[in-house]
Amino acid sequence: IALFTCLSCGNQLDIEPVDVLKTDLVFKNSTNLEAALTGAYSEIKGTFTNTLSGELYGGDFNIISELLGSDGNVTFGGTFPAYQEFDRKDVLVNNIEVADNWARAYVACNIINNVLANVTIADTPEDQQRIEGEARCLRGMIYFEMVRLWCKPWGLGTEATDPGIPLVLTPVNTAAQADALKTIGRSTVQAVYAQVIEDLTAAKTLLEPFGQNDVRASTYVAAAMLSRVYLQQSKFALAAAEADYVIKSGVFELVALPRNAFNNSANTKEDVFAIQQSALSNAGTANSGAATFYASLNGAGRGDMRISETYINNTFLPGDRRGGIKQGLNSTSVITNVDTMFYISEYGQALGNVFTAKYGDPNLNIPIIRLAEMYLTRAEGNIESSGSVGATPLEDINVIRRRAGLDDLLTVDIVEIRKERERELAFEGFKLHDLKRWKTSAIDGLPFSADKLVLPIPERETELYDIPQNPGYNE
């Protein structure tokens, strides 16, 4: 609808009423399709605009999960009320970040739906197959993130009736199509997961002939996202198999040191998928983006996502390369001066606080899927399903530990696997979702299924459309 509205605001001197996006004029060949698809990539990056601040993979999918899932390991020290609400687990229905991320997600999906509706105009069958695969992969990714944040968690046994999100699978380019959305309602959680799996499975097959596919969605991105979906559903054997597909490809390798997997201007050999950033195109340098909130360095960051030093000391083992804290920085220090995973700020309003070094420059890439995650997923999937797809859980965990500078374990159990996952993937957006699927008894005093750990449907959506509000937000 937002896309339709923007495209309808034409020249006021036009004689013909502009209430239709003329897709036959927009989509003519592969070049047009590629341009539209690039627009979808830009939307999931969350490039900051004056009208829409939601950053999706550029920051908010991560930050919302980490703050809602925080048990004191990270707090929000900034002045933005929307993020303070996430930190307090007391989100209001008019929260601007909730509204803007919801809107941007649907703008991205509308672009994708237009691409899919016109994909047959591609210049070659190969172009059609690849473009369709990329589009379906991105749509599956977006709807997966939305169902995890705006809906009750999978695993309660009520997925077939719990309200999911509205599934919009066709383009919205006319006033009539926009009006039709007013009665679309919410699909069930089960139906949304089914659509996500359908999109990602199709994308995996469609993209297989194109291998790594440069920095765009690939067969391995689709498989890696499928492994996340299946892990969230506790379908452990399937999660292990998809992670194994990525590992066994031989396309990816762990970089030498954990710190080297972050703050890069180009993909590393560990990146399965990363948000591409540059000085000209990024998720934002002033009021948005991962580095804006996580960093506190010269020229980068507000220093809002403040990490507990006690958490670091209690989580990471002595000698763990993922847990060191850099001290002695000054007001001229930048991310290249930090050679540990954490540092104490000596700059600006966050003076003396601890920050992660995973996001230190808004012009550098944001890893979304790393090979390290696939080893951890395969280990957890195998141990929970009593399987040994690709390797034993012990072998996979020791691969991760060796890179971190730790000794090999002689035995491993699910408790240790979860600890390694926490150490390796800390502050990468997994916190809330992992705690929910593990059915953690209390998250900052709240049960994993608490209403307050689910985002409200934006107020403007419930006012305009037939979309019921989530429990706990009707008071």
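Evaluating ASP413 against the criteria (1) in contact with a Gly (Cβ under 6 Å, 6 or more places away or on another chain); (2) over 16 Å from ARG321 (Cβ atoms) leaves one unmet condition, (1).
The residue that is surrounded by the most Cβ atoms within 10 Å (Cβ to Cβ), among those in the range 64-105 that are farther than 20 Å from THR310 by Cα, touching a Ser or Thr at 6+ places or on another chain (Cβ under 8 Å) and not β-branched (Val, Ile, Thr), is GLU97. Among the residues of the range 27-46, how many are under 24 Å from ALA103 (Cβ atoms) and acidic (Asp, Glu)? Residues that pass the stated criteria total 1. Filtered by the rule that a residue be in a loop (DSSP other than H, G, I, E, B), touching a residue at least 60 places away in the same chain (Cβ under 8 Å) and open to solvent by 20 Å² or more (accessible area, probe 1.4 Å), the range 443-470 gives ASP444, PHE448, SER449, TYR465, ASP466, PRO468, GLN469.
Tallying residues that are at pLDDT below 95 and in a helix (DSSP H, G or I) within the range 143-195 yields 9. Taken over the range 206-236, residues that are touching a residue at least 12 places away in the same chain (Cβ under 8 Å) and part of a helix (DSSP H, G or I) amount to 19. Among the candidates THR310, THR340, the residue that is modelled with pLDDT of 95 or more, outside any loop (DSSP other than H, G, I, E, B) and more than 30 Å from LEU226 (Cβ to Cβ) is uniquely THR310.
For GLU145, state whether it is surrounded by fewer than 23 Cβ atoms within 10 Å (Cβ to Cβ), acidic (Asp, Glu), under 22 Å from GLU242 (Cβ atoms) and in contact (Cβ under 8 Å) with a residue 24 or more places away in the chain. For GLU145, the condition - surrounded by fewer than 23 Cβ atoms within 10 Å (Cβ to Cβ), acidic (Asp, Glu), under 22 Å from GLU242 (Cβ atoms) and in contact (Cβ under 8 Å) with a residue 24 or more places away in the chain - is not met. Comparison of ILE121, ILE131, ILE112 shows that the only residue that is of a type in the set (Val, Ile, Thr), touching a Leu at 6+ places or on another chain (Cβ under 8 Å), under 26 Å from ASP60 (Cα atoms) and in contact (Cβ under 8 Å) with a residue 60 or more places away in the chain is ILE112. No other residue among LYS235, LYS269 is open to solvent by 50 Å² or more (accessible area, probe 1.4 Å), over 17 Å from the mean Cα position of the chain (by Cα) and within 26 Å of PRO362 (Cβ to Cβ) apart from LYS269.
The values are calculated or read from the model by the stated rules, or taken from the named source; none is laboratory data. Quick caveat: nothing in here was measured; it's all calculated off a predicted structure. Please note: Cβ atoms are built from the backbone with ideal geometry, for glycine as well, and neighbour counts cover all protein chains shown. Areas reflect the complete protein model, heavy atoms only, side chains present, ligands, DNA and RNA absent. Shrake-Rupley method; radii C 1.70, N 1.55, O 1.52, S 1.80 Å.
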